[in-house]
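Structure first, then comments.
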Amino acid sequence: MSSPIRRVLSSTVGTKLLIGLTGLALFVYLIIHLAGNALIFAGQDAFNVYAHALISNPLIIPLEIGLLLLFLVHIYKAITNYVKNLAARPEAYDKKAYAGHTSRKSVASSTMIVTGIIVAVFLIIHVKQFKFGSYYQTVADAGVRDLYRTEIEVFSNPFWVAFYVMATLLVGLHLRHGIASGFQSIGFDHPMYTRRLTMWSLVLAVIISGGLAAIPVWVYFTH
Amino acid sequence: MRIFLKVWRQASPDAQGRFVDYTAEDVSPDMSFLEMLDVVNERLIMQGEDPIAFDSDCREGICGTCGFMVSGIAHGPDPGTTVCQLHMRRFKDGMRLTLEPWRARAFQVLKDLVVDRSAFDRIIQAGGYTSVNVGGAPDGNAVLVGKTASDKAMDSAACIGCGACVAACKNASAALFTSAKISQMALLPQGQVERFQRVVKMVDRHDEEGFGSCSNEGECEAVCPKEIPITNIARMNREYFRALLFSRD
Ligand code: HEM
Ligand code: FES
């Protein structure tokens, strides 16, 4: 059959496989990102040592490129998919209601494209503020960056605290539909676990977005 | 009972459509929704007007011919029910209902509430069958099929192809229909031979017809008169992924 990989991956199902796989990979990345950054609660030294170990690892560049690729594929596929889906119903209903019953439609599932795009904009600002933000040396060790100080600096401003809290809550909303949806897209189907997926999706979304939002709030009120 | 209707009227595929208000008088709660429309139409015919066109055949919820939107929900508010099996006792006297045809690029409106669903036939033609010659019918007990697989295949085969899944989906996706038709084959021994070609060809056809992709909201499952579960869609995606990795054709 004439099915070069590219044509297959641009079908509706192939597209959703890609959005699902990249979305779930980003979700796993987010867990690791949260776990590492939670070290801020352990104090300046622990946090800086972790950050230094991370950026001085030779694998960091290929991993960063991989992460960037995940984002680019996810965003590109999600946006083209959205546009194609709009074209599948050129004439809107005069009246359309929530079907109720077993439907999983929610605010989260209806706003994926909006939350996604806002998160993308947030990420550009976020990387600029931290990775490429103000650079300080630690007092103890000249080669080690004092990222802790950069973070305290950013989050001493209530505007940035509010901005980060809002952005992380939107990530949570994206994940509230995204986690369960991603598993369904990649074909996960189990007589027991599938039913609990929507509930777990909510629990994990609350943990991740709550954990991420706690960081700027904690910094603001303790420094 | 008296019911106020706002019905989509469109003379032909190319004609400009519009909503027209009608009042259904003397509606009995025991009438089915389509019987209520029959009464409205009888009056329209007496007045020399064009009756409201809608599809129906069996009127007992098994053929999949009927179907339109009742106030924004495919086949109306009752779960697991076709509009021919929806009864007027479900509604209250004086209610206002909006009736619209299924709307999707792939389903052209032919007249009023009737749409062209031949896109579904073409998806089936693309691979929803077995073409290998398997000889005479084997003895019933010679081909063993597990109880779970046979139950699931039967549940998928319950799809009557009415198009409600497409109508309910915000992306006008036919993923539920296509996946049910793929599942009923993928779960049974007869479907194994052409397993990989089938899923790729049927998905290709689905896309060519102009249906959208699945966002996993499950509105389709909620309106499906046969309550086909969206686990079928997970199976279709799995089959597709496998075809991508292992197909040698
Ligand atoms: C923190 C970063 C992100 C994570 C963890 C994430 C995660 C996910 C997951 C798990 C899904 C479910 C996949 C599926 O339905 O198969 C998803 C879907 C989606 N994502 Fe993201 N995403 C992120 C960023 C973005 C960005 C930046 C966009 C920008 C456009 C975006 C747009 C979408 C859209 C539109 C969908 C829904 C696709 C559909 O309706 O079928 N996401 N995301
Ligand atoms: S007319 Fe046959 S299912 Fe409604």
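The set of residues in the range B:208-218 that are surrounded by fewer than 22 Cβ atoms within 10 Å (Cβ to Cβ) and facing chain A (nearest Cβ under 7 Å) contains only B:Gly210. In the set A:Val73, A:Val83, A:Val49, only one residue is within 11 Å of ligand 1 (Cβ to nearest atom), part of a helix (DSSP H, G or I) and away from every other protein chain (no Cβ under 14 Å); that residue is A:Val73.
Only one of the listed residues (B:Val166, B:Val200) is within 12 Å of another protein chain (Cβ to nearest Cβ) and within 15 Å of B:Arg117 (Cα to Cα). That residue is B:Val166.
Selection of the range B:181-197 for residues being away from every other protein chain (no Cβ under 11 Å) and either within 16 Å of ligand 2 (Cβ to nearest atom) or of a type in the set (S, T, N, Q) (or both) yields B:Gln184, B:Gln190, B:Gln192. Residue count for the range A:186-201, restricted to those that are closer than 18 Å to A:Thr102 by Cα and under 21 Å from the mean Cα position of the chain (by Cα): 5. Is it true that A:Ala162 is at pLDDT below 95, among the aliphatic types (A, V, I, L, M) and either buried (at least 16 other Cβ atoms within 10 Å of the Cβ) or in a helix (DSSP H, G or I) (or both)? Considered against the rule, which asks whether it is at pLDDT below 95, among the aliphatic types (A, V, I, L, M) and either buried (at least 16 other Cβ atoms within 10 Å of the Cβ) or in a helix (DSSP H, G or I) (or both), A:Ala162 comes out as no. For the range B:1-60: of the residues being among the aromatic types (Phe, Trp, Tyr) and not in a helix (DSSP H, G or I), which is nearest to ligand 1 (Cβ to nearest atom)? For the range B:1-60, the residue satisfying everything is B:Trp8. Give the residues of the range B:1-20 that are over 20 Å from B:Arg103 (Cα atoms) and surrounded by fewer than 17 Cβ atoms within 10 Å (Cβ to Cβ), sorted by residue number. Matches in the range B:1-20: B:Arg2, B:Phe4.
For A:Arg104, the requirement of being touching a residue at least 40 places away in the same chain (Cβ under 8 Å) and within 14 Å of chain B (Cβ to nearest Cβ) is met.
Taking the range B:179-214 as the search range and keeping residues that are within 16 Å of ligand 1 (Cβ to nearest atom) and assigned to a helix (DSSP H, G or I), which one is nearest to B:Gly127 (Cα to Cα)? Checking each candidate, the answer is B:Val203.
The values are calculated or read from the model by the stated rules, or taken from the named source; none is laboratory data. Just so it is clear, the model here is predicted, and its values are computed rather than measured. Backbone-built Cβ (ideal geometry, glycine too); neighbour counts: all protein chains shown.
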